[in-house]
1. Looking at Thr108 and the list (1) among the polar types (S, T, N, Q); (2) away from ligand 2 (no atom under 16 Å from the Cβ); (3) over 19 Å from Ile133 (Cα atoms), which single condition is not satisfied?
2. Going residue by residue through region 129-142, is there one that turns out to be open to solvent by less than 10 Å² (accessible area, probe 1.4 Å), among the charged types (D, E, K, R), within 14 Å of ligand 1 (Cβ to nearest atom) and over 17 Å from Met289 (Cα atoms)?
3. Considering Leu112, Leu72, which residue is without any contact (Cβ under 8 Å) to a residue 40 or more places away in the chain and within 26 Å of Ala22 (Cβ to Cβ)?
4. Give the number of residues within region 150-182 that are open to solvent by 10 Å² or more (accessible area, probe 1.4 Å) and in a strand (DSSP E or B).
5. Only one of (1) free of Cβ contacts under 8 Å to residues at least 12 places away in the same chain; (2) in contact with a Phe, Trp or Tyr (Cβ under 7 Å, 6 or more places away or on another chain); (3) not basic (Lys, Arg) is not met by Val118, so which one is it?
6. So in region 138-169, with the set limited to residues that are aliphatic (A, V, I, L, M) and within 16 Å of ligand 2 (Cβ to nearest atom), which one is farthest from Glu196 (Cα to Cα)?
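The values are calculated or read from the model by the stated rules, or taken from the named source; none is laboratory data. This structure is a prediction, so every number in the text was calculated from the model and none was measured. Here the Cβ positions follow ideal geometry from the backbone for every residue, glycine too, while neighbour counts run over all protein chains shown. With ligands, DNA and RNA removed, areas are computed over all heavy atoms of the protein, side chains included. Shrake-Rupley method; radii C 1.70, N 1.55, O 1.52, S 1.80 Å.
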Amino acid sequence: MKHLISMADMTHDEIIEVLDMADDLKEKRLRGKVTDLLKNRSLGMIFEKSSTRTRVSFEVAMCDLGGHALYLNANDMQLGRGETVGDTSEVLSRYLYGLIARVYSHDTVKQLAEHSRVPVINALSDHEHPCQILADLLTIREYKDRLKDLKYVWVGDGNNVCNSAILGCALVDMEIVVACPPGYEPDADVVEQARELGGKVTIMNDPAEAVVDADILYADVWVSMGDEAERDKRLNDLGPYQINNKLVELAKPDVIVMHCLPAHRGEEISAEVMDGPHSVVFDQAENRMHAQKALLLKLMA
Ligand code: CP
Ligand code: NVA
């Protein structure tokens, strides 16, 4: 793996290696041990869209590793005035040891990688969010002690995070069921790719049927960044896909409820579930930092 653009850029063994490194780094941070393994190395962070977790977790990760992170708002760069993505990448990769990018079009992050001499990490595009899934797998392993042979049920919009979840589940032998309204299915190419990797992927419409025997329930926003113009239609179509107590009761008694955050309580997840005993959402958020540290080390050290 040189870049992480899609979850499928990683093999099963690379995922496990990164999760094991993340466990180790997490434990060292708790003990206050110095892990300045990226001393004097700089990471560029291009953002076309808003972020709380991704921006801060990457920045703190670089600080903990003894390196430096530069927040680059795409609007403040010459990118916003017509410099090409390719030229930007050629130039930045002569200064930096790595680059992360949160972009509207998946093609932008692919172009950055094509023109870069240093590793490029997709920090969310309209098509995927692999960093989120690494943290999620770390969290699942912490709660369930394994990844294999679990049932992961995605409820709601088959969006960018869902695409990466489908690929991630296939790579670690976890079953995934997506319950979504017609027209909100995950990308067909992603589903095909996951099945080619040996993944067990089921797409269905009925959330109550999907969640039976679930070990993991997963929610994400109904209106992703870039989808704002469709807000009313989405809220209407996705209304029956809320993760609430009624749905949680149909899953396994020890089901964990996940959400990549930011959450909209009362839309994709009820406040009771979000703040209830099954929710692991803030552990997930914390694990973004530990998983990304491991990823940065793997790609940049
Ligand atoms: N989950 C996630 O990527 O959060 P941010 O949008 O806050 O970075
Ligand atoms: N699907 C959401 C995820 C945010 C982290 C979005 O793209 O806005």
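1. All conditions are met except number (2).
2. Step one: of region 129-142, the residues open to solvent by less than 10 Å² (accessible area, probe 1.4 Å) are 129-140.
Then drop every residue that is not among the charged types (D, E, K, R), which leaves 136.
Narrowing the set further to residues that are within 14 Å of ligand 1 (Cβ to nearest atom) leaves 136.
With the extra rule that they be over 17 Å from Met289 (Cα atoms), the set shrinks to none.
No, region 129-142 contains no residue that is open to solvent by less than 10 Å² (accessible area, probe 1.4 Å), among the charged types (D, E, K, R), within 14 Å of ligand 1 (Cβ to nearest atom) and over 17 Å from Met289 (Cα atoms).
3. Numbers: Leu112 fails: without any contact (Cβ under 8 Å) to a residue 40 or more places away in the chain.
Sole residue among the options that is without any contact (Cβ under 8 Å) to a residue 40 or more places away in the chain and within 26 Å of Ala22 (Cβ to Cβ): Leu72.
4. Result for region 150-182: 2.
5. Answer for Val118: the failing condition is (1).
6. Residues of region 138-169 that are aliphatic (A, V, I, L, M), as a first pass: 138, 140, 147, 150, 153, 155, 161, 165-167.
Next, from what is left, pick out any that are within 16 Å of ligand 2 (Cβ to nearest atom): 155, 161, 165-167.
Details: Val155: 23, Val161: 20, Ala165: 15, Ile166: 12, Leu167: 10 Å.
If we take residues in region 138-169 being aliphatic (A, V, I, L, M) and within 16 Å of ligand 2 (Cβ to nearest atom), then Val155 is farthest from Glu196 (Cα to Cα).
Okay, residues lined up against (1) surrounded by 20 or more Cβ atoms within 10 Å (Cβ to Cβ); (2) under 14 Å from the mean Cα position of the chain (by Cα); (3) more than 15 Å from ligand 1 (Cβ to nearest atom); (4) part of a strand (DSSP E or B):
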site	(1), (2), (3), (4)
Lys252	no, no, yes, no
Glu272	no, no, yes, no
Gln284	yes, yes, no, no
Asn287	yes, yes, no, no
His290	yes, yes, no, no
Ala294	yes, no, yes, no
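Listed here are the residues, each with its yes/no results for (1) closer than 22 Å to His106 by Cα; (2) within 16 Å of ligand 2 (Cβ to nearest atom); (3) open to solvent by less than 80 Å² (accessible area, probe 1.4 Å).
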position: Asp23; (1), (2), (3): no, no, yes
position: Arg31; (1), (2), (3): no, no, no
position: Ser42; (1), (2), (3): no, no, yes
position: Arg53; (1), (2), (3): yes, yes, yes
position: Ser57; (1), (2), (3): yes, yes, yes
position: Gly67; (1), (2), (3): no, no, yes
position: Met77; (1), (2), (3): yes, no, yes
